[in-house]
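Input: a single structure, listed below in structure tokens.
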Amino acid sequence: MSAPVTELVGSYVERVRGGDMGALPSVIALIVLSVIFWAARPVFLTEANFANLLTQGAAIAVIAMGLIFVLLLGEIDLSAGFTSGVCAAVLAVLLTDKGWPWYAAVAASLLTGAAIGLTIGVIVVRIGVPSFVVTLAAFLALQGVALKIMDNGRNISITDDTIVAIANKNVAPALGWVMYAMLVVGFAIIQFRKLRARTELGLTGETTPVIALRITVVAVVAGAAVLILNSERSRNPAVNSLVGMPIVLPLIVALLLVWTFVLNRTGFGRHIYAIGGNAEAARRAGIKVDCIRISAFMLCSTMAAVGGLIAASRANSVDPNTGGSDVLLTAVGAAVIGGTSLFGGRGRMLDAVLGAAVVAAIDNGMGLMGYSAGTKFVVTGFVLLLAAGVDALARKRARLHG
């Protein structure tokens, strides 16, 4: 084993021993689930099903990203699922009934999400009602709002080509490789700039070979994904060719990069972590705790609106069940399974994507094996409980290691 690999592995093992498990549990879960489902149904690891998994978990991943802002504060938003449904309903009514252009309807949908989050945040922060109670009330009320918007049960079709394309069309293969190159180059620039900044400050950290190894891993994994998605997935290519990554994938990657930058490289993100760790200490340090908390609820609901947009695109329609059923619990489960703590102060945007991948793999794989919805819920619940247990043990180990 070369020195860079030894250094990287040693550093990671030390973090795990200290309670910082990061993405390890979710990655292991993905590998184990993939092996099990592939052994039972080899179609699980085909190119077509890989693309299907990406679109299947897209809406949950986006809603989970928004929930991470709230979970990092040690709060909860039980209304995120139906917030996505209400915002999708607003989008559908404006597009289909009012004839608005897609960009105006999308803007109105996102503003609706932000307004819902602002209302929740103000009640929680200014009045002092616990977020569990406020968002539970919103969970119930927003179901009624969705019914009112859609005339007590009407199904509204989405026919706008731009909206439908988000979850149903693919990026041209050449453009996919261009995006891949931009991702790898951008990641490399960020890594080396971080190294240079630490060096200028006289801080010890990762060496150049270790960073080069990390960039290589990202390049190989992302390149393999693009290569698979650029292969022909249609059973009848002459009639309907299916090549290229789904359009929703670059959207999720863009959101992941933006929000990761916000959490890791901005004062706003550092303040969220500080408040989640100790709100009173953050207040005494001069952080505007109330404003940050309200902003987190607004971001959560706005991302729920984006999730509703993706769900509406995938279904080509919106109905009163959009955002209902198990959407909320699955999104919260995705964040926790990915590694975000329910107790606040620890989590990353990547957790939402990894957790959503695990949830989508369970749903997709067990569906291919012919299991009922009840069995899927039982297995997903068990995985969520296991993830919460790992989180509790990790926190206990972190306290023991100081």
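The values are calculated or read from the model by the stated rules, or taken from the named source; none is laboratory data. Since this is a predicted model, take the numbers as computed values, not measurements. Don't worry about glycine lacking a Cβ; one is built from the backbone with ideal geometry, like all the others, and counts go over all protein chains shown.
Out of curiosity, is Asn316 over 15 Å from the mean Cα position of the chain (by Cα) and under 25 Å from Ser109 (Cα atoms)? For Asn316, the condition - over 15 Å from the mean Cα position of the chain (by Cα) and under 25 Å from Ser109 (Cα atoms) - is met. Tell me, yes or no, whether segment 60-76 has at least one residue that is modelled with pLDDT of 90 or more, under 23 Å from Thr159 (Cα atoms) and either of a type outside the set (S, T, N, Q) or outside any helix (DSSP H, G or I) (or both). The answer is yes, given that some residue of segment 60-76 is modelled with pLDDT of 90 or more, under 23 Å from Thr159 (Cα atoms) and either of a type outside the set (S, T, N, Q) or outside any helix (DSSP H, G or I) (or both). Residue count for segment 168-198 under the criterion of being more than 30 Å from Thr266 (Cβ to Cβ) and either in contact with a helix residue (DSSP H, G or I) (Cβ under 8 Å, 6 or more places away or on another chain) or not in a helix (DSSP H, G or I) (or both): the result is 5. Among the residues of segment 31-59, the ones that are under 15 Å from Val359 (Cβ atoms) and either among the charged types (D, E, K, R) or outside any helix (DSSP H, G or I) (or both) come to 1 in all.
For Val171, the criteria (1) among the aliphatic types (A, V, I, L, M); (2) surrounded by fewer than 16 Cβ atoms within 10 Å (Cβ to Cβ); (3) closer than 26 Å to Gly307 by Cβ hold in every case but one, which is (2). Restricting attention to segment 344-369, the residues that are on the phi > 0 side of the Ramachandran plot and buried (at least 22 other Cβ atoms within 10 Å of the Cβ) add up to 1. When Phe139 is tested against (1) touching a Phe, Trp or Tyr at 6+ places or on another chain (Cβ under 7 Å); (2) free of Cβ contacts under 8 Å to residues at least 24 places away in the same chain, just one condition goes unmet, and that condition is (2).
Please verify whether segment 322-338 includes one or more residues that are at negative phi, aliphatic (A, V, I, L, M) and not in a helix (DSSP H, G or I).
Within segment 322-338, not a single residue is at negative phi, aliphatic (A, V, I, L, M) and not in a helix (DSSP H, G or I).
Among the residues making up segment 235-270, those that are loosely packed, with under 13 Cβ neighbours inside 10 Å and charged (D, E, K, R) are Arg235, Arg265. Look at segment 278-289: where a residue is part of a loop (DSSP other than H, G, I, E, B) and a partner is modelled with pLDDT of 90 or more and among the β-branched types (Val, Ile, Thr), sitting 6+ places away or on another chain with Cβ atoms under 9 Å, you get Ile287/Ile275.
Residues considered: Gly202, Gly244, Gly223. Of these, the only one that is under 23 Å from the mean Cα position of the chain (by Cα) and not in a helix (DSSP H, G or I) is Gly244.
Set side by side, the residues Arg154, Arg126 differ, and just one is touching a helix residue (DSSP H, G or I) at 6+ places or on another chain (Cβ under 8 Å), among the basic types (Lys, Arg) and not in a strand (DSSP E or B), which is Arg126. Residue-level analysis places Thr112 outside the set of residues that are farther than 24 Å from Gly269 by Cβ, at pLDDT below 95 and hydroxyl-bearing (Ser, Thr, Tyr). In the set Ile36, Ile60, Ile76, Ile68, only one residue is over 17 Å from the mean Cα position of the chain (by Cα) and among the aliphatic types (A, V, I, L, M); that residue is Ile36. Of the residues in segment 146-164, at least one is out of contact with any His (no Cβ under 9 Å at 6 or more places or on another chain), charged (D, E, K, R) and surrounded by 14 or more Cβ atoms within 10 Å (Cβ to Cβ). One residue alone among Val184, Val221 is β-branched (Val, Ile, Thr), surrounded by 14 or more Cβ atoms within 10 Å (Cβ to Cβ), out of contact with any strand residue (DSSP E or B) (no Cβ under 9 Å at 6 or more places or on another chain) and closer than 25 Å to Ala254 by Cβ, and that residue is Val184. Within segment 93-132, which residues are surrounded by fewer than 16 Cβ atoms within 10 Å (Cβ to Cβ) and more than 17 Å from Ala296 (Cα to Cα)? Within segment 93-132, Asp97, Lys98, Gly99, Pro101, Tyr103, Ala104, Ala107 qualify.
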